[in-house]
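Chemist: One structure, pasted below without further comment.
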Amino acid sequence: MTESIRLSKRMTELGMCSRREADEFIEQGWVKVDGVVVNTLGSRVLPEQKITLERQATVFQAERATILMNKPVGYVSGPAEPGERPAWTLIKAETRFIGDKSGIVFLKKHMHNLAPAGRLDVDSSGLLVLTQDGRIAKKLMSDADVEREYVVQVEGFLSDEGMKQLNNGLSLDDERLKPTKVSWQSEDALRFVLRENRPRQIRRMCELVGLKVINIRRLRIGRVSLSDLPVGQWRYLRMEERF
């Protein structure tokens, strides 16, 4: 017999929204199950039942902002400890990229509940995504198919065997890493393409093959790239862009 599941959890599994958004949509009466409005939190559904959102919910989601930032070294991507500088403090009218072609008007409400969709270490720079959209946050933080591309400046000697290990032969914390694409970008810089995002993963991988990391810059997440976004500036994700 097929077991039922909480409606909010099922909505999240289907990528319709975040769990918090699901509860909000249910309370607002914006969720239908097999064509019938369900507005009671904790309601359960069967996997085969059809879940749809009312237009008000999709409009609500469309108004949620997603911001792309070229984070400088020295800023933390998530919650800051005393003395640390959070990246979101760089989001203001004067630091918005002049080449932003989204057509979105900068509003104070875009700063509410804006959270980083994934980590970028304080001593790393490059593309950081901050979003109000639970769907985007879930995709970037849990979808193994989303690539992340980095340029990593290193010091030290890397043998052919070391390169093979970087690509497909290392373990961290007694757990095998997923295959990684690593190649030389220049004489002292490597290009990494990862499909997972463990804490300080690149630095630890390099240490295991005898390399010292000088700096790390993230260039791309999925199909969205840093492109010509200057350091310390930001822009909105455009409607047609998809990770």
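Chemist: Which condition number in (1) touching a strand residue (DSSP E or B) at 6+ places or on another chain (Cβ under 6 Å); (2) without any contact (Cβ under 8 Å) to a residue 24 or more places away in the chain is the one that PRO82 fails?
Modeler: Against the list (1) touching a strand residue (DSSP E or B) at 6+ places or on another chain (Cβ under 6 Å); (2) without any contact (Cβ under 8 Å) to a residue 24 or more places away in the chain, PRO82 comes up short only on (1).
Chemist: Can you tell me which condition ARG119 does not meet? The list is (1) within 23 Å of ALA80 (Cβ to Cβ); (2) open to solvent by less than 30 Å² (accessible area, probe 1.4 Å); (3) in contact (Cβ under 8 Å) with a residue 60 or more places away in the chain, and all the others hold.
Modeler: (2)
Chemist: Output the number of the condition that ARG217 fails; it satisfies all remaining conditions of (1) under 28 Å from LYS108 (Cα atoms); (2) assigned to a strand (DSSP E or B).
Modeler: That leaves (1) as the condition not met.
Chemist: Given the residues ARG135, ARG148, ARG96, which is the only one that is touching a residue at least 40 places away in the same chain (Cβ under 8 Å), of a type in the set (D, E, K, R) and under 14 Å from ILE221 (Cα atoms)?
Modeler: ARG148
Chemist: Could I ask something else about it? In region 139-173, how many are more than 21 Å from ARG119 (Cβ to Cβ) and either assigned to a helix (DSSP H, G or I) or open to solvent by 50 Å² or more (accessible area, probe 1.4 Å) (or both)?
Modeler: So the count comes out to 11.
Chemist: Also, I was wondering about something else. For region 25-110, which strands (runs of 3 or more DSSP E) that fit wholly inside it have 3 or more residues that are open to solvent by less than 20 Å² (accessible area, probe 1.4 Å)?
Modeler: Numbers: elements: 31-33, 51-53, 66-71.
Answer list for region 25-110: 66-71.
Chemist: Quick check: anything in region 182-198 in contact (Cβ under 8 Å) with a residue 60 or more places away in the chain and either of a type in the set (Phe, Trp, Tyr) or open to solvent by 40 Å² or more (accessible area, probe 1.4 Å) (or both)?
Modeler: Within region 182-198, one or more residues are in contact (Cβ under 8 Å) with a residue 60 or more places away in the chain and either of a type in the set (Phe, Trp, Tyr) or open to solvent by 40 Å² or more (accessible area, probe 1.4 Å) (or both).
Chemist: Would you point out the residue of region 1-11, among those that are of a type outside the set (Lys, Arg) and surrounded by fewer than 20 Cβ atoms within 10 Å (Cβ to Cβ), that is farthest from ARG44 (Cα to Cα)?
Modeler: MET1
The values are calculated or read from the model by the stated rules, or taken from the named source; none is laboratory data. Since the structure is predicted, the reported quantities are computational estimates derived from the model, not experimental observations. Glycine also receives a Cβ, built like all others from the backbone with ideal geometry; neighbour counts cover every protein chain displayed. Heads up: the accessible areas ignore ligands, DNA and RNA and are worked out on the full protein's heavy atoms, side chains in. Shrake-Rupley method; radii C 1.70, N 1.55, O 1.52, S 1.80 Å.
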